[in-house]
Every structure is written in C-alpha cells, then in structure tokens.
Amino acid sequence: MRTSQYLLSTLKETPANAEVISHQYMLRAGLIRPVASGLYTWLPTGLKVLKKVENIVREEMDRAGAIEMLMPLVQPADLWEESGRWEDYGPELARLKDRHNRSFVLGPTHEEVITKLISFELNSYKQLPLNMYQIQTKFRDEIRPRFGVMRGREFLMKDAYSFHLSTECLDKTYQEMHAAYCRIFERLGLDYRPVIADTGSIGGDASHEFHVLAESGEDDIAFSSHSDYAANIEKAEALAPAGERAPAEMGISKVATPDVHTIEELCKFFDVAANQVAKTLLVVGECEEGDTAPIVALVLRGDHTLNELKAEKIAGIASPLAFASEEQITAAANCDAGSIGPVGLNITVIVDRSAAHLSDFICGANETGFHFTGTNFERDIKDYTVADIRNVVAGDPSPCGNGSIEIKRGIEVGHIFQLGEKYAKAMGAAVLNDQGKNQTLTMGCYGIGVSRIVAAAIEQNNDANGIIWPEAIAPFKVVIIPMNMHKSHRVHETAEQLYSDLKAAGIEVMIDDRKERPGVMFKDMELIGIPHSIIVGERNLDNAEVEYKSRISGDKSTLKIADVLEFIK
Ligand code: ATP
Ligand code: MG
Ligand code: MG
Ligand code: MG
C-alpha cells in the first residue's frame, strides 16, 4: 500500500471526549470515526485490524469443529415473545416496526433465531452434537456507550451456539470452546485470564468470561498468583481496599448438631436474627488421623439478608487442622473467608448451589472431590463462584490454597455459557433420541467481542507515541520510510525495489511515499504502530544498507539491503 493512495487520516491532537487511550489512539491513528453515539465507521487501517482479529477467531472456531453461518441482524418480535425475552430484556433491546406495523428487534444476540432454526432443521439424535457460529453485527442500545468501540451500540461479535442431548456432551463442547478461546487470545498476543463468571439472568450451570488485563477495564477480576483460580467480581460489588473493609460486627460459632437441617434452624439454634447472618462457613476439621468433623460457623455482619446468604451457601473446609476449638472457629468466623489463612485455619470456601439443606453440604464437603485437597483442584475450581470472592482482597491467600489473590481490572472480551434447556424448551427445539422419544435439546452459547478486542489490544500495547500492535493483528507488517525520496533518485529506487520485493513475497508492506518531512512520517508510523520500519536514507546507501527499527522493542540496527527480505520474513 502507498500512503499517497491511501486514507491515512492521522490526527495530531487528542480528540475531546476520548477518555481511554485506545479510544484516543483509534481516532488519532485513523482507525475509526464516530458517526453517532456508540456508532463508528471503520477506516481502512482499522478495518484491516478488525479483519485480522476476525480471521483468527474464525480459524480457531473452524479448527474446533464449529460451522460458520449467518443470521439476520433484524429479528421478528414473535421469536422474542416466544422465549420470554421481549419482556425481560429491557431497554437495551432496540425495537422497531416495519411499514405493516409488525414489530422487530435489532439483534443484541441470536439465541432465539438459531434455536428456532434448529427446531426445524434437526429431527434426530444422529445429527448431534452441532455447533454453529457467525461473525456478525450486533446492536445493543447501551445506556452509556463509551470508550469508542469498547462499548459501542453497534459492534461485531462472534457468537456460537451448540446443541446436545446430554449434559456430558454439552460439557465436552464447552471445554473445547474454552480451549479454543485460550488459543485465540494466545494467538492475538494478549495477556488474558479466563475467569468464572456469574451466570446472571441467563441462568444455566457454568459460565466463564475471558478478560484482557488492562487498567481501563470495567470489571474487577480476582485470580491466584500461582494457580488457575480466577473469578470475575461484579462491578456492583466493587471491592473496598483492604483497610476499609467493614469488619465483622460479631462472630459466633457452635458445633451444629445433627438435628439442625436448614439455615433457618441453624439461626434459631444460634439464637440470631436471620438478617444478621453474613455467611455460613462449614469448617471441616480433622479430629483424628484422616477423620473429619463438620462444624458450622455463622459470620454475622448485619448488612446481609438471609436470602443472599442462602443464594451463596458458603461452605468452607479447614486443613490441616487438628481440632477446631471454639476459639479457632470464633476467630475464623470473625474474618472474611479470604482472610482466614492468617489466623491459622487454611479455609477454602466452596459453594454448592444445589444444597438445600445444611446436611447436604455437610455431606458434600466430606465427600472426596467436593473439597479442595490440592490434587483435585481442576474439579474444585468449578465449585467456586463469584460470590466466594466478593470479600476477598488483594494479598489474601487464594481460596484454593495456592498462591495469593491478585485483583486487577479486566476487559471482558469473551463469554461462554452452558445454557441448558431454557431456549430449546421455550422454542420447541427437540429431536428423537435413540429410544425414539422426543427430547428437548440442551444448549451452550459462546461469544467473543471481535471489535472490542481491537480496543483491548491497544489498551495493553501502547506507549506515549502510539499503538504497538502485536504482530498477529498489525494492519501492516512493515513500513518503508524513504527519506527525501523526492530529492534522491537512489533513495527512490531502493525504496521502490524493496517495496516490490516485499510485496512479491506476500508481506503486508506500506511505503510512505508522501512528500512529507521524515519527522512527520516517523510520527505517523509510530502512532499507527506498524511493527517493523525500514528507513531508506542517502547515508546508509553508500554501504548498501538501510536502517531497521522495531516498534515493539524499540531496537535499531542497520541491515544490508540484500538481507531485508529474509529479516522481515
Ligand atoms: P458487558 O458486561 O461488557 O456489557 P456483556 O456481558 O453484556 O458485556 P455478552 O452478552 O457476554 O456481553 O456478549 C459477548 C461479548 O460481546 C462480550 O464478552 C463482549 O466482548 C462483547 N460485547 C458486549 N457488549 C458490547 C458492546 N456494547 N460493545 C462491544 N462489545 C461488546
Ligand atoms: Mg452488557
Ligand atoms: Mg458482562
Ligand atoms: Mg458477558
């Protein structure tokens, strides 16, 4: 590409109202232009990056066995009425009418359309499992569009939907998608963390978000410095710094007797008002060699309701622990779950949402695999939820007992869900199973914010001069900057020769053939963030050399002209 025949559109000044660095640089480097709030035009350079991200996502989805398709942005309201989301979705759902007064929506996501399609297309278990995806524009009427394409109203998403007849089958595809997402973010060259996420209003059994670490991220995520433990702490629950944590007002503990079966009964037993209970800890203490005794402790704080508590149903285990004395339990109960380590009880919190009775989780915690023992962490990580770590602060021991908790800001770039039967049931998606009986499908869905990734990549890779693209998504791999090419025939010839050689070798190369001062060219190319620069100048040509500069390391060197192609490849 020749800059003289291109739309470079760089800006010297930082535009007003661009709060985060990626938004500023996307405007300044000529990647995007605003059209209206949350709506952007992708200029040629921006589009190149977007397409690269899109292609990596596509390649990895294909590799993982998902099949590409394309659904319409505009969807009939009937489908949303059928799923119940016409009512539930709220004002983020843009609704419109056609000339016949029929209602439509601009799709913020596509569960309805795909599930309806599948209900017609599939009829036998033999056609399962199936995983379909699209890379397509979404519209969400965000209450506060901001940070440029990071939170746009119109944005590009990769959304995949998988269909199964069993949870095991769904789980397998879910793990495959999890692995595919890891490959995608690794290929993109981004520092990311998969974290356990709240399933929120969508419901379902399992959910992970993928976050790119960046100060400007809108979510707090917590992860262990030494293991895979990670979870998203919802924004609403923004953590108070360690020193400002509200201390537990009061803690009491007693050993729960076997005739206490519910949290209500437990409260009665402890003679406390239900709404004083902040947390119930199940402490499994080792009484004698290999023998464990469940002990229940209530943490009282007065600012939680029992309903919240019931939703969390936190159980904890202590290990190693010779015997949990009244004092030890009281000490534990006085602390937040994450701070229990320092008082000598290495307590791990686990949550079992299915436990309706205390006895359920007492048994559960005693069962192998239901509590953390250091070796079965993989299994246990699934038992942690966002709720576990709401009270954890940076520096606390990790609930998995491995390393300590780090809390950082993250940008949500991907989100995967096990949806279960919710949509399939509502939209009548069923097939004949191997017994010849009609059976409702179970579903997973897997989203990636393709356009948001472009902004997230910049948040993570920049300096005072501009963007520093990871090679995999750079708009051009190399730029040739000829110094005073319009005055020097030698410079002109060498630059043109290198340009055509690199192009012929299939390398994405830009030549800055504008009649600009070298300083202007350097500034523009640094701002745009092209990984490699070849600077052609009179002086070096005497030795048949050019100057090379890396945008990533900042390293400079001289290269023999004859070696340039090999070096860049
Ligand atoms: P957020 O919490 O940022 O609002 P979300 O949880 O509502 O995102 P999902 O429904 O999980 O988003 O959609 C899948 C992915 O689409 C997200 O992980 C994110 O990367 C991307 N995405 C969601 N909303 C936007 C938006 N307004 N602009 C750009 N990308 C978005
Ligand atoms: Mg959202
Ligand atoms: Mg979210
Ligand atoms: Mg999400």
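If you scan the stretch 133-150, which residues turn out to be within 10 Å of ligand 1 (Cβ to nearest atom), assigned to a strand (DSSP E or B) and not aromatic (Phe, Trp, Tyr)?
LYS138, ARG146
Where residues in the stretch 438-470 are among the aliphatic types (A, V, I, L, M) and farther than 17 Å from HIS211 by Cα, which of them is nearest to ligand 1 (Cβ to nearest atom)?
Here the answer is MET443.
Quick one: ILE473 ticks every box in (1) more than 16 Å from ligand 1 (Cβ to nearest atom); (2) in contact with a Lys or Arg (Cβ under 8 Å, 6 or more places away or on another chain); (3) open to solvent by less than 20 Å² (accessible area, probe 1.4 Å); (4) not aromatic (Phe, Trp, Tyr) except a single one, so which number is it?
(1)
Can you confirm whether the stretch 482-502 contains a residue that is farther than 30 Å from ILE56 by Cβ, touching a residue at least 12 places away in the same chain (Cβ under 8 Å) and among the small types (Gly, Ala, Ser)?
yes
Looking at the stretch 110-123, can you tell me whether even one residue there is within 16 Å of ligand 4 (Cβ to nearest atom) and buried (at least 23 other Cβ atoms within 10 Å of the Cβ)?
Yes, some residue in the stretch 110-123 is within 16 Å of ligand 4 (Cβ to nearest atom) and buried (at least 23 other Cβ atoms within 10 Å of the Cβ).
Okay, residues lined up against (1) open to solvent by 20 Å² or more (accessible area, probe 1.4 Å); (2) of a type outside the set (Phe, Trp, Tyr); (3) over 33 Å from the mean Cα position of the chain (by Cα):
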{"position": "ALA504", "(1), (2), (3)": "yes, yes, yes"}
{"position": "MET521", "(1), (2), (3)": "no, yes, yes"}
{"position": "GLU526", "(1), (2), (3)": "yes, yes, no"}
{"position": "ILE530", "(1), (2), (3)": "no, yes, no"}
{"position": "GLY537", "(1), (2), (3)": "no, yes, yes"}
{"position": "GLU547", "(1), (2), (3)": "yes, yes, yes"}
{"position": "SER550", "(1), (2), (3)": "no, yes, no"}
{"position": "ASP555", "(1), (2), (3)": "yes, yes, no"}
{"position": "LEU565", "(1), (2), (3)": "yes, yes, yes"}
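Looking only at the stretch 151-165, filter to residues that are more than 10 Å from ligand 1 (Cβ to nearest atom) and either touching a Cys at 6+ places or on another chain (Cβ under 8 Å) or at pLDDT below 95 (or both); which one of those is farthest from LEU47 (Cα to Cα)?
Here the residue is SER162.
Out of the residues in the stretch 417-449 that are within 16 Å of ligand 3 (Cβ to nearest atom) and at pLDDT 95 or above, state the one that is surrounded by the most Cβ atoms within 10 Å (Cβ to Cβ).
Filtering the stretch 417-449 for residues that are within 16 Å of ligand 3 (Cβ to nearest atom) and at pLDDT 95 or above, the one surrounded by the most Cβ atoms within 10 Å (Cβ to Cβ) comes out as ILE448.
Within the stretch 135-148, track down each residue that is touching a residue at least 24 places away in the same chain (Cβ under 8 Å) and surrounded by fewer than 19 Cβ atoms within 10 Å (Cβ to Cβ).
Within the stretch 135-148, GLN136, THR137, ASP141, GLU142, ILE143, ARG146 qualify.
Looking only at residues in the stretch 10-60 that are over 20 Å from LYS138 (Cα atoms) and among the polar types (S, T, N, Q), which one is surrounded by the fewest Cβ atoms within 10 Å (Cβ to Cβ)?
This residue is ASN17.
Hey, PRO91 hits all of (1) within 16 Å of ligand 1 (Cβ to nearest atom); (2) surrounded by fewer than 18 Cβ atoms within 10 Å (Cβ to Cβ); (3) more than 26 Å from the chain's Cα centre (by Cα); (4) not small (Gly, Ala, Ser) but one; which does it fall short on?
(3)
Does any residue of the stretch 163-171 turn out to be assigned to a helix (DSSP H, G or I) and open to solvent by less than 20 Å² (accessible area, probe 1.4 Å)?
yes
The values are calculated or read from the model by the stated rules, or taken from the named source; none is laboratory data. Note that the coordinates shown come from a computational prediction; the quantities given were computed from them, not determined experimentally. As a convention, Cβ positions derive from the backbone with ideal geometry for all residues, glycine included, and neighbour counts pool all protein chains shown. Surface areas here come from the heavy atoms of the whole protein model, side chains and all, with no ligands, DNA or RNA. Shrake-Rupley method; radii C 1.70, N 1.55, O 1.52, S 1.80 Å.
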